[in-house]
Structure formats: C-alpha cells, structure tokens
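Throughout, read-outs are computed from the coordinates displayed, never taken from laboratory work. Because the structure is predicted, anything quoted here is derived from the model rather than measured. Positions of Cβ are generated from backbone atoms using ideal geometry, with glycine treated the same way; all protein chains shown enter the neighbour counts.
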Amino acid sequence: MAFPNVTDIVATTIESRTKKIQDNVLNNNAGLAYIKASGNVKTVSGGSVIYEEISFAENANAGWYSGYDLLPVAAQDVLSAAQFSLKQAAVPVVISGLEQLQNSGKEQMIDLMESRITVAESTMANLLSGSFYGDGTGSGGKTIVGLEASIPANASGTSARIATGTYGAIDRVTWSFWRPYAAHPAVALTSATIQAAMNDVWGNLVRGRDRPDVIIMDAFMWGIYLASLQAQQRFTDPSKARLGFPTLQYMDADVVLDGGLYFPSSAYGPGAVTKTMYFLNTKYLKWRPHAQRNMVPLNPNRRYAMNQDAEVTILAWAGAMTNSGQAFQGRLTSN
C-alpha cells in the first residue's frame, strides 16, 4: 500500500537539507556568494522592517587643541538607518494520490521526494537570484529590492552619481551620501574602450581602503573585458575557484561572469542584467533571511488539496537584501 506519511517525508527531508538548500541558493549567484564569503549573511528574528544602520556624517566636534583649550561636546547626529521590508518566496512540492500508489515502497517514495525537492531547491535559487538583480517591483512589488533599485542605470551619455529616487526609505535627492555612481557611455563599449570606462567607475568608488571587491557582469561585458586582457594574458586568480565562478582581475577586485547561459523569464533572469557590470563593495551588502523562514517547510502538518487527490508541502523563505553604503556601489552600462 502507499506510504501513509508522504508530506511528513517531504517536510523532514527539507528540514534535514535546510543548510544544503541555503548554501546552494547563495552559491548559485555570484553576488550572494561574495556576500556570504564576506560574512554578511545575517538572519533577522522579527519586526515589520529591517533597519540597516548607516553613518552619514563625521563628528563635527573633532579638531586640534592645545593645553587648556575648551573641547566641544555638542551632541552629534551622525547615525541613521535605511529600512527594508521582509519579502516572501515559496515553492510548493506536490505529489498526487496516483503517484503515491505508484511509488508504494518507502524507498521509492523517498527517491521521488528527493528528486522533487532538488527541483524545488534549484527553482528557489533561480527565483531569488533573479530578484537579487531586480528592482523590487516584480509580482506586484512582492520581490526582493535588488541591485536595479540600489544601483539604477544612468541615461546614455551620462556618468554621475544617481540623485533621483528613494532606496531603503532614504531620498537620494535630499541626501548626497546615499547616491551610487553609474556610468553609461554614449557609444557602445568595445575591448578598446572598456577599461577606460571601468577606470572612471572605480575611481569614483574608492575611499581609503574602501573599494569594490567584486565586479559582476553579464556575458556581453565579460566578452569585451576578456578581449581587452588577452593581449596581456592576465587571467584568473586560482584561489577564487572555491566560490565556483570563473574570475578575472581588475585592480584587486574579482571580475565575475554571472549569467553566461540562461533563459530569462523577465528582464531580470537568474544572471546579471544585459550589458551591465556592477562594482560591489560587499562590506556594505547583507543578505538578511528570517531565522524562522530560511528554506524550511512552511508548515510541517500535512496539507491536502480541497478538490484534488494530492498532498502539498511548501519550501519557504522570507527576508531581504540590504545595503548600508550606497556611495560605495557602482554600475557601468553599455548601449
């Protein structure tokens, strides 16, 4: 007869694979892999919004003094916080009554569930990866607020800090410290011009030891950047192979291809946005899953379809991607 606890098998299998599923999701996306490597995967325990503290000004009391000079002790308002909302994602795993009968042995059922959970895992990875590059407006505003909102593109022929829009509930028009840098040359980039364009973006993102540590690009940008290097034969840093992405180098940042092959279902597929490279300082980027909803069964109890012979278990995630240093993030786009 059919194994009686189908959904229990699914739920317990997801629970036993939770860490593996989390790792596979993060390692499926170059940006998330580098955020993870920077130690910036931080769970949240609750609250209606996630607050990301930021320092937006220096302490004006600082200064030189001599002997008995009076020292200024005025209160200083130098800290604020960006705000990010929790977003939710789910992948239901379904098995019909017929499939239960056809897979009547316990081992057969476990094999079937393992296969379906593996598909759910990869589906969730692509879902979150696509929203990582998105603007948060997908699915009626239910998706993660990703890089398209954090670092929007400038108009063609423009190289400047983005001074429009609101991100993390902070208005860029009002607050200049919250403006990323974006360059969009008027003429399409080539192997002869790409490095000069990258120099422009890089030079506007460095402050002392603060600088981008990874540059993520799509296949178009990767191709012309690779062509610009081949005469010098400077290639990958073998030590970065552990992250699972092919890398080149620019200054001391890794240059990573993300999305060389995919079939996008939207403008933001699983890989990087077309003809775009992102200069990211992952010191300021965080992946913030909810501690109780980080790739777990939504409900361990058995769920039945009301009008179908089927059972369902839901793989669920909730959280956000946050940014506490907009001025240190950049973007280069080609026509």
**Sequence ranges 172-183, 317-328, ranked by mean other-Cβ count within 10 angstrom, highest first** = 317-328, 172-183
**Complete:** In whole Hz, the Karplus estimates of ³J(HN,Hα) for the range 326-335 (6.51, -1.76, 1.60; θ = phi - 60°; x where Gly or Pro) are 4, 5, 9, 10, x, 8, 10, 10, 10, 5
**Asked** For the residue pair residue 192 and residue 210, what label-to-label distance in nm results when each label sits 7 Å from Cα along the Cα-to-beta-carbon direction?
**Response** 3.8 nm
**Complete:** Given backbone amide H placed at 1.01 Å from N, residues whose amide H is under 5 Å from that of residue 331, ignoring those fewer than 5 places away on the same chain, are 181, 182, 183, 279
**Prompt:** residue 19 to residue 114: extension gain in nm, 0.36 nm per residue of separation minus the Cα-Cα distance?
**Reply:** 32.7 nm
**Neighbour-count ranking [beta-carbon atoms within 10 angstrom, fewest first] of 312, 91** = 312, 91
**Item:** Relative intensity, log₁₀ I(q)/I(0), of the range 114-186 from a Debye sum that treats every alpha carbon as a point, q = 0.27 Å⁻¹
**Value:** -1.14
**Asked** Residue by residue through the range 41-47, which ³J(HN,Hα) values in whole Hz follow from phi under the Karplus form 6.51 cos²θ - 1.76 cosθ + 1.60 (θ = phi - 60°), with glycine and proline marked x?
**Response** 9, 10, 6, 10, 9, x, x
**Prompt:** Sequence-distant or interchain residues sharing an amide H contact under 5 Å with residue 314, placed H: which?
**Reply:** 93, 298, 299
**Message:** Using amide H atoms built in the peptide plane, which far-off residues or other-chain residues are under 5 Å from residue 134 H to H?
**Reply:** 146, 147, 148
**Prompt:** Taking other Cβ within 10 Å of each residue's Cβ, how do 69, 309, 200, 258 sort, fewest first?
**Reply:** 69, 309, 200, 258
